[in-house]
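Below is one structure, written out as structure tokens, with a few remarks after it.
The values are calculated or read from the model by the stated rules, or taken from the named source; none is laboratory data. It should be emphasised that the depicted structure is a prediction, and the values quoted were computed from it without experimental measurement. Methodologically, a virtual Cβ is constructed for each residue, glycine included, from the backbone with ideal geometry; neighbour enumeration extends over all protein chains shown. Note: areas computed on protein heavy atoms with side chains; ligands, DNA, RNA excluded. Shrake-Rupley method; radii C 1.70, N 1.55, O 1.52, S 1.80 Å.
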Amino acid sequence: MGLMHLDYLSQVLGYHTNIHCILPACTHKGKAPAATLYLLHGGSGNSMDWIRYTAIERYADAYEVAVVMPEVDGACFYTDMKYGYNYFTYLTEEVVAVAESLLPVNKEPAKRLVAGFSMGGYGAFKWAFHKPDFFKAAASLSGASFIMDLFEADTPAAKAALEPCGPVALNWGTSDDLRGSMNDSKTWIDRAAETKCALPMLFASMGTEDPSFDNCKAYLQYCEEKGINVHYEEMQGGHDWPVWEEMIQRFLKWAL
């Protein structure tokens, strides 16, 4: 098993950034990985989070999965920002090009997976809904909620997000610019239902004490009403690493 750190000048972002990659032991023996997992971090995180807080290296070896962990700005929501950087383009185009040209990862759509927690769960589903032919399966761990519900809630965090220098303004301009756009998680579902496109297998999970638990249930109910199949699992816990540690293992077992 190998852990690689790539610090390079991104052509999309225009600055040096990091990608961490895990190559399972099978690659050292000349065997292709069974799958490639693009694994996204949450808000205020970085590409080391999954390595620091979980045993993702062991899971990569157990399932023979190559893991690619990119890094983005802590509150960008994997978005081509209105005032900032093109993180969605970076993630879906440059990260893939770098990983698939430099590393012995599996490049078959039927063997590609994407997952993330919190903001990364939003990013994983966003990628899967907008580029459905690219993945076999996608997982949103504690991230399956309508984004408008999160930013329009009567909470200090939601109100702060709407401030002039908050993530809503920096990422999209205003909440009205976000609503109905490609970044609106309700709009993804509506468009997929209207076009009846073939989506990847979708996996969602949530801790029962997570502040977004009710939002998640509303999201899943709406998916069901629209004919979008989402496999859902929950466990006791909040918006924290014990939940994501358990659920990434469940996702890999379910998807593979």
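Probing with 1.4 Å while keeping every protein chain in the model, the per residue accessible area of the chain equals 43 Å². Between Met235 and Ala158, residue separation times 0.36 nm minus the direct Cα-Cα distance comes to 25.2 nm. Applying D = kT/(6 pi eta Rh) to segment 59-203, where Rh is the Kirkwood radius over alpha-carbon pairs, T corresponds to 37 °C and eta to 0.692 mPa s, the Stokes-Einstein value obtained is 204 µm²/s.
If the chain between Met1 and Arg250 were fully stretched, how many nm would it gain, using 0.36 nm times the residue separation less the Cα-Cα distance? Walk me through the numbers before you get to the answer.
Numbers: separation 249, 0.36 × 249 = 89.64 nm, distance 2.12 nm.
Difference between extended and current length: 87.5 nm.
Note: the chain, Cα convex hull, 114 Å³ per residue. Would you mind counting up the charge near Arg191? Only other residues with Cβ under 11 Å from its Cβ, with Lys and Arg at +1 and Asp and Glu at -1. It works out to a net charge of 0. Under a no-solvent Debye model with one identical scatterer per Cα of segment 40-129, what's log10 I(q)/I(0) at q = 0.16, 0.21, 0.26 Å⁻¹? Normalising to I(0) and taking log10 leaves -0.66, -1.13, -1.53.
Altogether, the Stokes-Einstein calculation at 4 °C and 1.567 mPa s, with the Kirkwood radius of segment 123-215 over Cα pairs as Rh, returns a diffusion coefficient of 91 µm²/s. For segment 1-91, a Kirkwood radius taken over Cα pairs fed into Stokes-Einstein (10 °C, viscosity 1.306 mPa s) yields D = 114 µm²/s.
Past 23 Å, Cα to Cα: identify those pairs from Lys111/Lys131; Lys111/Lys186; Lys82/Lys136; Lys31/Lys253, in the order given. Before the final figure, lay out the partial values.
Values: Lys111/Lys131 15 Å; Lys111/Lys186 27 Å; Lys82/Lys136 30 Å; Lys31/Lys253 20 Å.
Over 23 Å Cα-Cα: Lys111/Lys186; Lys82/Lys136.
Taking a quarter of the surface of the Cα convex hull of segment 158-256 gives a mean projected area of 7.6 nm².
When a 1.4 Å probe is rolled over the protein heavy atoms, the share of accessible surface on the chain that falls to carbon and sulfur comes to 51 percent. Given a 1.4 Å probe and the protein chains as shown, Leu6 ends up with an accessible area of around 50 Å². Placing unit charges on each Cβ (+1 for Lys and Arg, -1 for Asp and Glu) gives segment 1-123 a dipole about its Cα centre, and among Tyr53, Ala35, Tyr90 the Cα reaching farthest toward its positive end belongs to Ala35.
Given R0 = 45 Å, the distance between the Cβ atoms of Met182 and Ser101 translates into a calculated FRET efficiency of 0.95. Show me, bin by bin at 10 Å from 0, the whole-percent P(r) of segment 216-256 based on Cα pairs. Over segment 216-256, the share of Cα pairs per 10 Å bin runs 25, 43, 32, 1 percent.
Rounded to the nearest 10 square angstrom, Asp7 shows an accessible area of 90 square angstrom against a 1.4 Å probe. Only helical runs count toward this figure. For the chain, summing -39,500 (n - 2.57) over DSSP H runs of n ≥ 4 and dividing by all residues gives -10000 deg cm²/dmol at 222 nm.
Could you rank Lys159, Lys253, Lys136 by how accessible they are, 1.4 Å probe, largest area first? Could the numbers behind the result be given before it?
On the way: Lys159 115, Lys253 150, Lys136 65 Å².
I get Lys253, Lys159, Lys136, largest accessible area first.
Going by accessible surface with a 1.4 Å probe and the largest first, Asp80, Asp133 read Asp133, Asp80. Residue ranking by accessible heavy-atom surface, 1.4 Å probe, largest first, among Met206, Met182 comes out as Met182, Met206. Each label was represented as a point 7 Å from its Cα along the Cα-to-Cβ direction; for Ala25 and Gln221 these points are 4.8 nm apart. In terms of packing, defined here as the mean over residues of other Cβ atoms within 10 angstrom, the peptides 15-22, 112-119 line up highest first as 112-119, 15-22. Arg179 contributes an accessible area of around 110 Å² to the protein surface, as traced by a 1.4 Å probe with all chains present.
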